[in-house]
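Here the structure is laid out as structure tokens; the discussion comes afterwards.
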Amino acid sequence: MRILYQLLVVLFMMLQGAAGQPFSPGPFNLCVAQNGRCFPGICRRPYYWVGTCDNGFSCCRRYVEV
């Protein structure tokens, strides 16, 4: 019976791929991937600008001295 459930899951994933709907676990936030945070307006000290967030805010990352 357990094998039947696994086969149904595999069948569902194959049908989903055939329909052109790739499986994705969730949205990917590029700002967080760069260790940044989204701020409205411009980046202030100790942050510097690294890009733009999805909502139009500035993606700012903390400046770290080495």
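The values are calculated or read from the model by the stated rules, or taken from the named source; none is laboratory data. Only a predicted model underlies this, so the values are computations on that prediction, with no experimental measurement involved. Ideal geometry is used to build each Cβ from the backbone, glycine not excepted, and the neighbour counts take in all protein chains shown. With ligands, DNA and RNA removed, areas are computed over all heavy atoms of the protein, side chains included. Shrake-Rupley method; radii C 1.70, N 1.55, O 1.52, S 1.80 Å.
Things to note:
- At the residue level, Val50 shows approximately 40 square angstrom of accessible surface with a 1.4 angstrom probe and all protein chains present.
- In loop segments of the range 35-66 as defined by DSSP, the trypsin sites (Lys or Arg not before Pro) with at most 15 further C-beta atoms inside 10 Å of their C-beta are Arg44.
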